[in-house]
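The values are calculated or read from the model by the stated rules, or taken from the named source; none is laboratory data. Quantities reported herein were computed from a predicted structural model and do not represent experimental measurements. Positions of Cβ are generated from backbone atoms using ideal geometry, with glycine treated the same way; all protein chains shown enter the neighbour counts.
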Amino acid sequence: MPGKVLVIKLASLGDFVQAFGPFAAIRARHPDARITLLTTPPYRELGERAPWFDAVWTGGRPGWGDLRGLWDLARFLRTGGFDRVYDLQTSSRSSRYRRLLPAGVEWSGIGGGSHPHGNPRRDFMHTLERQREQLEVAGVTAFPEPALDWLDADLGGFGLPERFGVLVPGASPTRPGKRWPVQHYAALAAGLDLPVAVVGGKGETVLAEAIKAQVPATVDLTGRTSFAGLGALARRAAFAVGNDTGPTHMMAAAGCPTLALFGDESDPALCAPRGVRTAVMQHSPLAELGVVDVRAALERVRGG
């Protein structure tokens, strides 16, 4: 049984959240191993809080022109003493890292190695099913439900009401087609029976301000929540509505009744958030998805 295991997951937040199950399965397969996560700086907090890793190294994606960063990565891989590597990123970049390892290190990933995931239809599988099959090829057969009680934080300073919902109106700024229009979110909020909190990055404060202009009771939490804080919000919120973006995945994974909105820039069959009370609406173009339809779908999610 391997004594030192490396898990590679570099980004993004939604992908990281969808790897919680595989992380838990790897730990269950190697309960006594020293497991190290190779990731990037934004995900240090998640990796260090999670119960599945003994160490976190964040130099996992140096620029190809960053000679010092590439040297440090190569040294980390060559001298880490790893017996087995699970590449859950399975990108062309992470697959190259196999060449930097000493001979004999077991590798679960794509493009070769001791336990290659060679299913030719892997790119047409949902992330969770694809990762599960990859791990099964490597001998991982138990997939316990990942405990997420560690994703918690004090929300006392946010001024939240006793009951509230969460809106996630942002998404990748380079992919505007993934965003349901903010005026639609404002109209949705105006017709709800609960006030809402808006979450997202600092760059999405303008979206929260637009919603708050229409619904003054809105609580703007953009740029104010840690990843653990998102988990805490998910446990306390009555519902969440959001675009295909990381915080929406976090809400769903932590058990919040969640409605995820998709356009045609991503395929929910491949990457939809998963949760015990999660639903997906897809419309092309997303901007033309009606507020009335979203409100009706949200009521179904809230009703269980």
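Just need a number here: residues in the stretch 96-124 that are closer than 16 Å to Gly60 by Cβ and assigned to a loop (DSSP other than H, G, I, E, B). Residues that pass the stated criteria total 1. Hey, can you tell me all the residues within the stretch 98-120 that are more than 25 Å from the chain's Cα centre (by Cα) and β-branched (Val, Ile, Thr)? Matches in the stretch 98-120: Val105 only.
Report whether or not Thr225 is under 13 Å from the mean Cα position of the chain (by Cα) and hydroxyl-bearing (Ser, Thr, Tyr). Taking the combined requirement at face value, the residue does not satisfy it. Whether a residue is in contact with a helix residue (DSSP H, G or I) (Cβ under 8 Å, 6 or more places away or on another chain) and either modelled with pLDDT under 95 or under 27 Å from Asp154 (Cβ atoms) (or both) was assessed, and Leu233 passes this test.
A quick yes/no check of all residues on (1) of a type outside the set (Phe, Trp, Tyr); (2) farther than 21 Å from Phe143 by Cβ; (3) outside the structural domain of Gly201 (by TED's automatic domain parsing):
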| residue | (1), (2), (3) |
| --- | --- |
| Ile8 | yes, no, yes |
| Val17 | yes, no, yes |
| Leu37 | yes, no, yes |
| Tyr43 | no, yes, yes |
| Pro51 | yes, no, yes |
| Val56 | yes, yes, yes |
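Within the stretch 234-258, the set of residues being more than 13 Å from Trp150 (Cα to Cα) and more than 15 Å from the chain's Cα centre (by Cα) comprises Arg236, Ala237, Ala238, Phe239, Ala240, Val241, Pro257. Residues in the stretch 145-200 that are of a type in the set (Lys, Arg) and in a strand (DSSP E or B): none. Remark: pairs (first residue in the stretch 1-28, within 15 Å of Pro51 (Cα to Cα); second residue part of a loop (DSSP other than H, G, I, E, B) and among the polar types (S, T, N, Q); Cβ separation under 7 Å; 6+ apart in sequence or on different chains) are absent. Checking each residue in the stretch 183-225 for being farther than 17 Å from Ala171 by Cα and not hydrophobic (A, V, I, L, M, F, W, C) picks out Gly191, Asp193, Pro195, Lys212, Gln214, Pro216, Thr218.
Being over 15 Å from Leu77 (Cα atoms), over 21 Å from the mean Cα position of the chain (by Cα) and outside the structural domain of Ala253 (by TED's automatic domain parsing) is a property that holds for Asp32. Anything in the stretch 47-86 that is within 14 Å of Phe23 (Cβ to Cβ) and either touching a Cys at 6+ places or on another chain (Cβ under 8 Å) or of a type in the set (Ser, Thr, Tyr) (or both)? List them, or say none. Answer for the stretch 47-86, where residues must be within 14 Å of Phe23 (Cβ to Cβ) and either touching a Cys at 6+ places or on another chain (Cβ under 8 Å) or of a type in the set (Ser, Thr, Tyr) (or both): just Tyr86. Whether a residue is exposed (fewer than 15 other Cβ atoms within 10 Å of the Cβ) and farther than 21 Å from Thr278 by Cβ was assessed, and Pro195 does not pass this test.
Each row is one residue, and each column tells you yes or no for (1) surrounded by 18 or more Cβ atoms within 10 Å (Cβ to Cβ); (2) in contact with a Phe, Trp or Tyr (Cβ under 9 Å, 6 or more places away or on another chain); (3) more than 19 Å from Leu160 (Cβ to Cβ); (4) of a type outside the set (A, V, I, L, M, F, W, C).
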| residue | (1), (2), (3), (4) |
| --- | --- |
| Thr218 | yes, no, no, yes |
| Thr222 | yes, no, no, yes |
| Ala254 | yes, no, no, no |
| Ala287 | no, yes, yes, no |
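Before we move on, is Asp193 acidic (Asp, Glu) and touching a helix residue (DSSP H, G or I) at 6+ places or on another chain (Cβ under 6 Å)? Here the answer is no, as Asp193 does not meet what is asked.
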